[in-house]
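Okay, so here's the structure we're looking at.
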Amino acid sequence: MTWNYSQKTTELFMNAVRGGPGSHMGEIADPDGLGEHGSIACGDALRFTFRVNRHPSDPRLDVITEARYLTFGCTSAIAASEALCAIIEEGSYTPIGALKITNDDIVRYLDGLPQQKIHCSVMGAEALEAAVFNWAQRRGVNLAELGIDIQRDEQEEGRLVCTCFGLTEPYILRKIRELELRTIPDITNAIKAGGACMSCHHTPGGLQDLLDQVWGKQPTMLRELPVLPTARVPAERPRSELSPYKFAKEVERVIDQQVRPQLHKDGGDLELVDIKDLIVYCRLVGACSDCVAGGQTLKLLVERALKDEIDERIRVVAV
Amino acid sequence: MDVIYLDNNATTRVAPEVVDTMMPFLTSDYFNPSSMYDAASGPAAAIKQARRTIARLLGKVRPDEVLFTSCATESNNTAIFGTVAANSERRHVITSAVEHPAVYNVAKELERRGLEVDFLPVDRSGRLDMADFVRALRPDTLLVSVMHANNETGVLFPVEEMARIAKETDPGIIVHSDATQTVGKLPIDLSGTSRHLDLLSFSGHKLHAPKGIGALFMRRGTRCRPLLLGGHQEDGRRGGTENVAFIVGLARAMELMAERRDADEPRIQAMRDRLERELVARIPFLQVNGAGAPRLGNTLNVACHFIEGEGILYQLSSHGICASSGSACTSGSLEPSHVLRAMKIPFTAIHGSVRFSLSHYSTDAEVDRVIEIFPSIVANLRRLSPYWDAAANRPRPEAMSMMDSAAAPHS
Ligand code: FES
């Protein structure tokens, strides 16, 4: 699969990794707003910081003058971070005004993103939102009073729907509405939910149920049911008259008494790996394990002793 | 810009000698080998000769034990679905957690069809535990299918030993190995050390033949149904007009690999070892995946902590260097490769894996170039990473503690 990024995306990426002029890579020390999104375990993470020109009397009129990012992620995640910072700096936004920037704006700035990479732009918008919330706290601005609700706690509090990416029901529901996600692939492309083990797709309360909850139930294709196992006919194998427990005890006794002492003399030992009916699996350890004649030793020594003492039909398999 | 091709576990350059051998069958000798007229005898004889050559190179097996297919995926599908279909009294299959998708997804499909499948785990170096294998064997075990070498890490599996143990336990167990990464590179003796294997898959394009040709070794007497039904080609075991030119090319490529092996393999391994040594020496927090396990000499899989693989590949590519990654962004899913996950590579490194795989055509100068460029590519991305302290050139303290909790790498 090759890259089909826009020229803009690759330019921003290459400029960033080269530390070229105009790159927004970095972190503002003692910032006015700091927001993070994603995690290294999930494959991408963004730390976004901004500085404002403080308004002397009304913090709501602060203007963002500088934005920086540090991003762990793929080519498009880094380009999307650059785009986010550039949009903000170019627009002289107030933090509250910056909340209007959506992932679509980032995609547009990049001249488009491949479908599977949309989540990179969503990550940028999320980190921005978190940073504005952080700014509001620092500056004592009550966003709720302004009619802006940023649900910072939904990730911690809701029912976990996609365990692979640690995403909860309230968060996924909000994103389904905000980003108008209609199908499971839409969800995966935008916020990654459902993109790993896929077990959250059709379970009760899973992604499909959340989609149905928001958009109403759509007719779906019948999914193929797994074929039930057919009865199996175990192959006939000779068994000992002893119970498996007794048999194993006997094998261990004979090995302890007759085999181990001989191996110990050479600084080696024997490990009993498994017993299946009359087949005894063991391996040489210690000094004996490198011995070329190892397999032979096992066969001759162990098998003979076990045959003589317990059952003529015993076979030894060297592991 | 010259391309530095270090992705030979994905595909290889077609050897010019192979192309030469194939040309007549793409031009003048185009006849269908199944036809009756004299002109068709050329292609028919060429196939026969190719089959003999390949049989000899696999350890003097019988020519009729070599089947031609379109690719290793087809060989694997035939081996697995075919034996399952022909042995319905048994319902248990053993494979590994790190197989190529051409086996892994077939095994998953078997589960869906009601068979029971054990996926043997691997340790942090990518090794299988033989005791796990022994314990997995059951009276109704139908098939054991374990790859000879892993495509991502190059880790080698003791399939000969596993086959022997399986057969000593129960001669009815069928043993298959996907040897796509080893045929050509390693000598394979299906009459000697590998005599307990019943089925062995491989393809041409991993050994300097073109894409579109594969083979399946099927030992006489192996109960296996065909996957492709059609004409009587391959003794009815695989229908479809023979791909004459490619079959001839495959045989020629295998001959070349065998002729060059003694000179090539030590040289390739020395280059790989040097690449590994130099990168480890120059890049902090770089982990070699599969180190500590026996490995193919041409493969180097490294994981760079705290950065993502796609950005690495992109920069490599801008320097003309071709490599691959097991990171989520390059896998087409949102998860990193199942192989690296099975090896429990820590999550701080798993997204930053890069695989270099060398071949006969790799040169010291190419390796030098990677040694020169790769460290700066890694450093570029780490400067952007929220987990990296660029000034101190080390992870930030909080990232360090994540590394500990992320299952520290096995050294
Ligand atoms: S739980 Fe959602 S992808 Fe695994």
| message | What's the longest uninterrupted piece of chain A once you rule out the GluC sites (Glu not before Pro) that are loop residues per DSSP with at most 14 other Cβ within 10 Å? | response | A:28-179
| request: Pop the C-beta distance of residue B:225 and residue B:111 into the FRET formula with R0 = 22 Å and round what comes out to the nearest 0.05. | output: 0.70
| task | Check cross-link reach from residue B:206 to the lysines: straight Cα distance under 27 Å, and skip same-chain residues fewer than eight apart. | result | B:48, B:60, B:108, B:185
| query | Say R0 is 41 Å: what FRET efficiency, to the nearest 0.05, do residue B:30 and residue B:376 get from their beta-carbon distance? | reply | 0.20
| How far apart, in nm, are two points set 7 Å out from the Cα along the Cα-to-Cβ line at residue A:201 and at residue B:89? | 3.8 nm
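Mind checking region A:87-146 for trypsin sites (Lys or Arg not before Pro) that DSSP puts in a loop (not H, G, I, E or B) and that have at most 10 other Cβ atoms within 10 Å? Write down the numbers at each step before the final one.
Working: sites: A:100, A:108, A:117, A:138, A:139; in loops: A:100.
Listed in order of number, the matching sites are A:100.
Determine the relative contact order of chain B: mean sequence separation of Cα pairs under 8 Å and six or more apart, normalised by residue count, in whole percent. The partial results should precede the final answer.
Values: 823 pairs, mean separation 85.0, N = 411.
In percent, rounded to a whole number, it is 21.
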| query | How far apart, in nm, are two points set 7 Å out from the Cα along the Cα-to-Cβ line at residue A:285 and at residue A:137? | reply | 5.3 nm
| task | Subtracting the Cα-Cα distance from 0.36 nm times the residue separation, let me have the gained length for residue B:60 to residue B:318 in nm, one decimal. | result | 88.3 nm
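Note the full-extension length gain between residue A:102 and residue A:258 as 0.36 nm times their separation in residues minus their Cα-Cα distance, in nm to one decimal.
On the way: separation 156, 0.36 × 156 = 56.16 nm, distance 7.72 nm.
Contour length minus the Cα-Cα distance gives 48.4 nm.
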| Given charges at Cβ of Lys, Arg, Asp, Glu: the protein assembly as shown dipole, positive-most of A:71, B:10, B:365 | B:10
| Amide H to amide H under 5 Å from residue B:321: which residues, 5+ apart in sequence or cross-chain, H placed 1.01 Å off N in plane? | B:4
| remark: Checked region A:239-318 with the C-alpha gyration tensor, a ≥ b ≥ c its square-rooted eigenvalues, rounded below a/c of 1.5, otherwise prolate if a/b is larger than b/c and oblate if not; verdict prolate
| field | Filtered trypsin sites (Lys or Arg not before Pro), region B:72-119: DSSP coil and at most 16 other beta carbons within 10 Å | value | B:113
| note | Simple spin-label estimate for residue A:163/residue B:400, 7 Å along Cα→Cβ, in nm, reads 3.3 nm
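Quick check on region B:273-390: take the gyration tensor over C-alpha atoms, sort the square-rooted eigenvalues as a ≥ b ≥ c, and tell me if it's rounded (a/c under 1.5), prolate or oblate.
Working: a/c = 1.43, a/b = 1.15, b/c = 1.24.
Verdict is rounded for region B:273-390.
Under 11 Å from the Cβ of residue B:149, count the other residues' Cβ atoms, weight Lys and Arg +1, Asp and Glu -1, and hand me the total.
Working: positive: B:185, B:206, B:295; negative: B:152, B:178.
Taking every other residue near residue B:149 into account, the sum is +1.
What percent do you get for the relative contact order of chain A when only Cα pairs under 8 Å and 6+ apart count?
On the way: 469 pairs, mean separation 35.4, N = 319.
Relative contact order of chain A: 11 percent.
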| request: Once you have a ≥ b ≥ c as the square roots of the Cα gyration tensor eigenvalues for the protein assembly as shown, tell me rounded if a/c is under 1.5, and otherwise prolate or oblate according to whether a/b is larger than b/c. | output: prolate
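What does the charge dipole of region A:7-146 about its Cα centre add up to, to the nearest 20 debye, if the Cβ of each Lys and Arg holds +1 and the Cβ of each Asp and Glu holds -1? Numbers along the way, then the final one.
Working: 12 positive and 18 negative charges, 19 e Å.
The calculation lands at about 80 debye.
Checking the table A:246/B:167; A:8/A:175; A:8/A:117 against a 22 Å threshold on Cα-Cα, which pairs fail?
On the way: A:246/B:167 26 Å; A:8/A:175 27 Å; A:8/A:117 15 Å.
Among A:246/B:167; A:8/A:175; A:8/A:117, the Cα-Cα distance tops 22 Å for A:246/B:167; A:8/A:175.
Return the FRET efficiency for the residue pair residue A:242, residue B:135: r is the Cβ-Cβ distance, R0 is 22 Å, and the value is rounded to the nearest 0.05. Before the final figure, lay out each step's value.
Values: r = 21 Å, r/R0 = 0.93.
Efficiency, rounded to the nearest 0.05: 0.60.
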| Hits among lysines - C-alpha to C-alpha of residue A:265 under 26 Å, sequence gap 8 or more where chains match | A:249, A:299, A:307
| field | Relative contact order of region B:1-142, pairs being alpha-carbon contacts under 8 Å that are 6 or more residues apart, as % | value | 15 percent
| task | Only bridges with both residues in chain A count here: give the DSSP antiparallel percent, nearest 5. | result | 85 percent
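Bear in mind these aren't lab numbers, they're just calculated from the coordinates by the rules spelled out. Remember, predicted model here, so these are calculated numbers, not experimental data. Cβ: placed from backbone, ideal geometry, glycine included. Neighbour counts: every protein chain shown.
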